[in-house]
Amino acid sequence: MPPQSSLVAIYPGSFDPITNGHLDLIARGAKLAGRLIVAVLGNRSKQPLFSVEERMELISSVAKFPNVEVASFDGLLADFAHARGASMILRGIRAVSDYELEWQMALMNRRLRPEIETVFLTAGEEYSFISSKLVKEVASLGGNVAGIVPALVEARLKERYETTRRT
Ligand code: PNS
């Protein structure tokens, strides 16, 4: 499908950290939209491993597409999408277990901003088991996460957990 050049899409998430599953979705989303904004949630309630700035820097370093930009947001996603002129929210679905929450979020976002459509892409099959949470657990216990996160992220995880172990 040729990219819809006037279409602005938002791909929101925690991205703590970005995985190859996210990267696959960004690459595919960038083919659908004229502009794709990867929006990192500055979530103060969760305790992220990487700061918003670190997460944005990792995404910018590995997701190099001419029509992809990286931003952060606080507050309601629907409001952020509206403020950026986006008409599409892009989310990935890995398994049926993702569906219920995604469905609730899509309906809530539609209630808040009916003009913005949520579009789901199925995760690439080789990435359907990957989550940032699992990646962090494996990396924190010294396991190998090569191939499921970009090499830069793998190095940063190693660095972060080595520092944590030393302190
Ligand atoms: O990567 P994640 O953690 O699955 O992303 C969840 C995210 C950021 C898409 C969701 O938590 C979100 O949109 N948060 C912003 C607050 C908001 O708008 N809440 C109402 C959505 S229904």
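Miscellaneous remarks
- Relative contact order %, the chain, counting alpha carbon pairs below 8 Å whose residues are six or more apart: 26 percent
- Gaussian network model of the chain, Cα within-10 Å springs - most flexible of 53, 69, 137: 137
- Folded to 0 to 90 degrees: helix 96-112 orientation relative to the chain principal axis, Cα: 50 degrees
- Taking θ as phi - 60° and the Karplus parameters 6.51, -1.76 and 1.60, the scalar couplings of region 122-132 work out to 6, 5, x, 4, 6, 10, 6, 9, 7, 9, 4 Hz in sequence order, x denoting glycine and proline.
- The GNM of the chain, with springs linking C-alpha atoms under 10 angstrom apart, assigns the highest mean-square fluctuation among 127, 11, 99 to 99.
- Relative frequency of Cα-Cα separations exceeding 20 Å in the chain, percent: 52 percent
- The percentage of C-alpha pairs in region 90-166 whose separation is greater than 20 Å is 49%.
- Take the Cα of residue 161, step 7 Å toward its Cβ, do the same at residue 104, and the gap between the two points is 3.0 nm.
- For region 1-148, a crude dipole built from +1 on the beta carbon of Lys and Arg and -1 on the beta carbon of Asp and Glu, taken about the Cα centre, is about 200 debye to the nearest 20.
- Nearest-ten-degree value, helix 52-62 long axis tilted from longest Cα axis of the chain: 80 degrees
- Computed FRET value (nearest 0.05) for residue 146 with residue 120, which takes r as the C-beta separation and R₀ as 22 Å: 0.20
- Tilt relative to the chain, helix 20-32 - C-alpha long axis, 0 to 90 degrees, to 10: 20 degrees
A short reminder: the numbers here are calculations on the coordinates, not readings from a lab. Everything quoted here is computed from the prediction, not taken from an experiment. Here Cβ is always computed from backbone atoms with ideal geometry, including for glycine, and neighbour counts include all displayed protein chains.
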